[in-house]
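Okay, so here's the structure we're looking at.
The values are calculated or read from the model by the stated rules, or taken from the named source; none is laboratory data. It should be emphasised that the depicted structure is a prediction, and the values quoted were computed from it without experimental measurement. No Cβ is skipped: glycine too gets one built from the backbone with ideal geometry, and neighbour counts run over all protein chains shown. In case anyone asks, the SASA skips ligands and DNA or RNA and just uses the protein heavy atoms, side chains included. Shrake-Rupley method; radii C 1.70, N 1.55, O 1.52, S 1.80 Å.
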Amino acid sequence: MKINFGREVCGNLAAAQEREWLVTNGLGSYASGTVAGVLTRCYHGLLVAALKPPLARSLLVTKIDETIQYDGHHHRLFVNRWADDIVDPNGYWYLESFHLEGTIPVWRFAVGDALLEKRIWMAAGANITYVYYQLVRGSQPLVLSFKVLVNYRDYHTRTKDNSWRMAVQRRENGMGVTAFPGAVPFYLLANRGEVTTAHNWYNNFQLVAEGDRGLFDLDDNLYVGSFQATIAPAGNLTFVASTEVNPSLEGAIALPQRQAYEQELIQRANWQSAPTWINQLVLAADQFIVNRPLPDQPEGKTILAGYHWFADWGRDTMIALPGLTLATNRPEIAAAILRTFGKYVNQGMLPNNFPDDGRQPDEGSYNTVDATLWYFEALRQYYDATGDRQLVAELWSVLVEIINWHVRGTRYNIHQDSQDGLIYAGKIGTQLTWMDAKVDEWVVTPRMGKPVEISALWYNALKTMVLFAEKLGKPSLEYQAMAEVTLNGFQRFWNADKGYCFDVLDTPTGNDTSLRPNQIFAVSLSESPLTPSQQQQVVEICGRYLLTSYGLRSLAPGEAEYQGKYEGDRISRDGAYHQGTVWGWLIGAFAIAHWRVFKNPVQARTFLEPMAQHLQNAGLGTISEIFNGDAPIQPKGCIAQAWSVAEVLRAWRILED
């Protein structure tokens, strides 16, 4: 499947601005924008650099505005939206087609008999963005000129110029920009042409996607200079935005390097009979894997939870790890991530998130009950794929520490109840499970008590300890006995009147009968604590009331708190986040659970197949974070989410094998 649009999309501003492209470099940096070329988010830019990899992401280079002179006429190819929804100019009118070449976005602008092609990509492992132009067709040379607009701000924020003066200095092949004393300098370069420096603020770019989210939607950017060059038919021109002082300026050399890198990823994944859209997801998977060097582990790795605005979260990393690394045949990255996160285990817990300024996790960063338990499942799947007992032995003491802390109790009242073997978690005012929305002091879904997926993960972790102990020649009877207590206690979750599991036991108001998708993990995990009959009932009830084309609803329609649309300001959106909103990552667990119950892998794969069409909407070539619960099931949230991509890949690999 090739992601390719003609004028039916490219010439429709509403359609073209809703489709977004993304390229990355493995450091946490990225470039991203819309098919139309208009800015719609504060996160859009040609160079959003992780200044303290993989975090401290900052918008440095916002965009370039191209104008061409051909056959005696000038044509502006760019699009800007200003305050009050004024669009000027309308450069998308010249956009004949757009397609993805791997992850590389490719635009084709048609003016008369001239056809100008434009590509954007980043160099792997470097803060270098390439913009490469080729005159594919033309009866005469074309003059290309473009203005460069820059910024220097945290990628979550907006700029109001207030007469801010940056230092813009002419240098060979272009210019250097220093936003203020002590700022990281960056460079704007071209392999040829005339260069002119400038310093002129362009105010009030309107960012409609931010306005739709109930956020401030105006931003200012600085015009620092322009480039101009003549391109002969079949000729090319390269523009580079970089924090590197002397990057290569030859796009004709850098482009095949990037293409070879992506082709190697596909070849290594070695999908024998998967459809081509799965290969596109292999490339998407790579975008989330980034460096997190440690003093004693310079090759440390982590996973960014989503683009544009998520950092690396412990929970998301452990859930996404098998799909992003093992399903793509990159187990060495899985091992590096497991080692990296093992260093951060504290009081038997993994951090939920890392501060965006690069500091070490503080006490507040450990507000998760499930990230640590997903660590066991990630390591188990790694072992199943590799048979690597050495890594299991290396991490054994970490696993033992985690189990011991959960038995005696750790932060946030997380502890095993000795009576039923289930895990209790929660304090008033905290959110510890993946359903973690909180608005100021309002915890939308507190789930304080014994959440169903947490005890399912706990049982799975204990059985994993039995397996690892036997493989390492260590005593296993204690873990087996604990697992049996949890297995028996887990029957408390079964709500015979409803025919499915309680979502949370022993809450301050009793047992929670809400029909939610969390029980699906009691079927899909490596070890299930439910009987075969119960497993089938869980899959059937989730299929009837929670399943959509792109994932499972977080709450069933008909429940009192159900909200079918994720929209509006922060309070409205967070209030709907886990109250009916569809989550893409849950489709993987559902497909696997369905296969385990009904033993029909072909039918189970049909639950994943609608994602092929989704790759052509929202984040192109990748999978969104969430979707509306009500039809039409429109994409929302992040345009690219690690566990959404990962779980589709993992499930497809399991069902194919």
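On a per residue basis, the stretch 450-595 carries 35 Å² of accessible surface, using protein heavy atoms and a 1.4 Å probe.
In whole percent, how big is the carbon plus sulfur part of the accessible area of the stretch 34-92, probe 1.4 Å, protein atoms only?
Numbers: 790 of 1760 Å².
On the stretch 34-92, the fraction of accessible area on carbon and sulfur atoms equals 45 percent.
For the stretch 430-516, the list of trypsin sites (Lys or Arg not before Pro) that fall in a loop by DSSP and count at most 16 other C-beta atoms within 10 angstrom reads 498.
The residues packed around residue 223, meaning those with a beta-carbon under 14 Å from its beta-carbon, carry a net charge of -2 if Lys and Arg are +1 and Asp and Glu are -1. Largest first, the residues 21, 201 sort by 1.4 Å accessible area into 201, 21.
Whenever you get a sec, compute what percent of the accessible area on the stretch 127-180 sits on carbon and sulfur atoms (1.4 Å probe).
Numbers: 1100 of 2350 Å².
It is 47 percent, rounded to a whole number.
Here the stretch 150-296 was treated as a single set of alpha-carbon atoms; its pair distances binned every 5 Å from 0 give 2, 7, 12, 13, 13, 14, 16, 13, 7, 3, 1, 0 percent. Counted without the sites themselves, the longest stretch of the chain free of GluC sites (Glu not before Pro) in a DSSP loop having at most 15 other beta carbon atoms within 10 Å is 1-171.
Restricting to DSSP H runs of at least four residues, report the calculated mean residue ellipticity at 222 nm for the chain, -39500 (n - 2.57) per run over all residues, nearest 500 deg cm²/dmol.
Values: 18 runs with 198 residues, N = 657.
The helix-only estimate for the chain comes to -9000 deg cm²/dmol at 222 nm.
Counting only Cβ charges, +1 for Lys and Arg and -1 for Asp and Glu, the dipole size of the chain around its Cα centre is about 660 debye.
Determine the sum of side-chain charges near residue 618: Lys and Arg each +1, Asp and Glu each -1, restricted to other residues whose C-beta is under 14 angstrom from that of residue 618.
Values: positive: 19, 41, 636; negative: 18, 20, 212, 625.
Around residue 618, the surrounding residues sum to -1.
Take every Cα pair under 8 Å whose residues are at least 6 apart in sequence, average their separation, divide by the length of the stretch 402-483, and the relative contact order is 19 percent. Take every pair of alpha-carbon atoms less than 8 Å apart whose residues are at least six positions apart; their mean separation over the length of the stretch 445-589 yields a relative contact order of 21 percent.
Modelled label positions at residue 346 and residue 71, each set 7 Å beyond Cα in the direction of Cβ, lie 6.6 nm from each other.
Placing unit charges on the Cβ atoms of the charged side chains and taking the dipole of the stretch 535-657 about its Cα centre, the candidate lying farthest along the positive direction among 601, 639, 626 is 601.
Summing +1 for each Lys or Arg and -1 for each Asp or Glu among the other residues whose beta-carbon sits under 13 angstrom from that of residue 263 gives -2.
Rounded to two decimals, what is the ratio between the C-alpha radius of gyration of the stretch 301-361 and 2.2 N^0.38 Å? Provide the component values of the computation, followed by the final result.
Numbers: Rg = 11.6 Å, N = 61, 2.2 N^0.38 = 10.5 Å.
My calculation over the Cα atoms of the stretch 301-361 gives 1.10.
Relative to the longest principal axis of the Cα atoms of the chain, helix 371-386 runs at roughly 80 degrees.
What's the magnitude of the charge dipole for the stretch 107-153 around its Cα centre, counting Lys and Arg as +1 and Asp and Glu as -1 at the beta-carbon? Answer in Debye, nearest 20. Don't skip to the end; give the middle numbers.
On the way: 6 positive and 2 negative charges, 34 e Å.
Once rounded to the nearest 20, the dipole reads 160 debye.
Per Stokes-Einstein, at 4 °C and 1.567 mPa s, what whole-number D in µm² s⁻¹ belongs to the chain, with the Kirkwood radius over Cα pairs as the hydrodynamic radius?
Details: Rh = 25.9 Å.
For these conditions, the coefficient is 50 µm²/s.
Report, as a whole number in µm² per second, the diffusion coefficient that Stokes-Einstein gives for the stretch 511-657 at 20 °C and 1.002 mPa s using the Kirkwood radius over alpha carbon pairs. Estimated diffusion coefficient is 140 µm²/s. Taking 180, 227, 502 and ordering them by how much accessible surface each has at a 1.4 Å probe, largest first, produces 180, 502, 227.
Leaving out ligands, DNA and RNA, what percent of the accessible area of the stretch 411-523 is carbon and sulfur, probe 1.4 Å? Within the stretch 411-523, the accessible surface is 49 percent carbon and sulfur. Taking the square roots of 5 times each eigenvalue of the Cα gyration tensor of the stretch 290-420, largest first, gives ellipsoid semi-axes of 22, 19, 13 Å. Its relative contact order, with pairs defined as Cα atoms under 8 Å and 6+ residues apart, puts the stretch 575-657 at 38 percent. Against the main long axis of the alpha-carbon atoms of the chain, helix 586-598 sits at an angle near 40°.
How much accessible area per residue does the stretch 201-297 have, counting only protein heavy atoms and a probe of 1.4 Å, in square angstrom? Walk me through the numbers on the way to the answer.
On the way: 3890 Å² over 97 residues.
So the stretch 201-297 comes to 40 Å² accessible per residue, rounded to a whole number.
Measuring how big the stretch 130-205 is from its alpha-carbon positions, Rg and Dmax come out at 15.4, 49 Å. Projecting the Cα atoms of 525, 612, 577 onto the charge dipole of the stretch 507-614 (Cβ charges, centred on the Cα centre) puts 612 farthest toward the positive pole.
The angle between the Cα long axis of helix 276-288 and the longest principal axis of the Cα atoms of the chain comes to about 90 degrees, rounded to the nearest 10. For the stretch 54-128, the Cα-based Rg and Dmax, in that order, read 15.3, 47 Å. Solvent exposure of residue 137, expressed as accessible area, is near 110 Å², computed with a probe of 1.4 Å over the protein chains only. The 1.4 Å probe gives accessible areas that order 308, 74, 99, largest first, as 74, 99, 308. Loop-located trypsin sites (Lys or Arg not before Pro) across the stretch 1-99 with a Cβ neighbour count of 10 or fewer within 10 Å are 2, with loop assigned by DSSP.
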